[in-house]
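Here's the structure, in structure tokens; my notes come after.
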Amino acid sequence: MANPLKIAPPPPRRSASEAEVEVRTEALPQKFNQVKEDERVQFNKRVTRRVADGFEMLAIRTRKKVPELLAEALEILEERHGKV
């Protein structure tokens with residue numbers, strides 16, 4: 001019974017020098033063009049589940065993103081309490 005499952009033979013092994021050349025070329029640094037679009041920052045504050053769910057539901061209903069809703073909320077609060 002010579003190979004009843006019709007399994008392909010394993011691929012040929014590369015020599016150690018070929019593997020080193022491949023590793024060295026993969027390790028070369030790549031240059032990225034990172035352009036800052038605007039002054040966005042991460043906003044990590046703890047809020048209750050109710051508040052977080054409320055913003056998520058409003059975002060879905062109004063088809064806006066949560067950061068946009070936060071900006072609107074800030075405008076409303078500034079009108080009510082004055083700018084900081």
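We did not get these values from a lab; they are worked out from the coordinates using the rules stated. Remember, predicted model here, so these are calculated numbers, not experimental data.
Listed values, structure above:
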{"read-out": "J(HN,Hα) series, region 35-41, from Karplus relation 6.51 cos²θ - 1.76 cosθ + 1.60, nearest Hz, glycine and proline x", "value": "10, 6, 7, 7, 8, 8, 10"}
{"read-out": "Calculated from backbone phi, Karplus (6.51, -1.76, 1.60) coupling profile of region 72-84 in Hz, x at Gly/Pro", "value": "5, 4, 5, 4, 5, 5, 5, 5, 6, 10, x, 6, 8"}
{"read-out": "Cα gyration tensor of region 44-84 - equivalent ellipsoid semi-axes, whole Å, descending", "value": "20, 13, 8"}
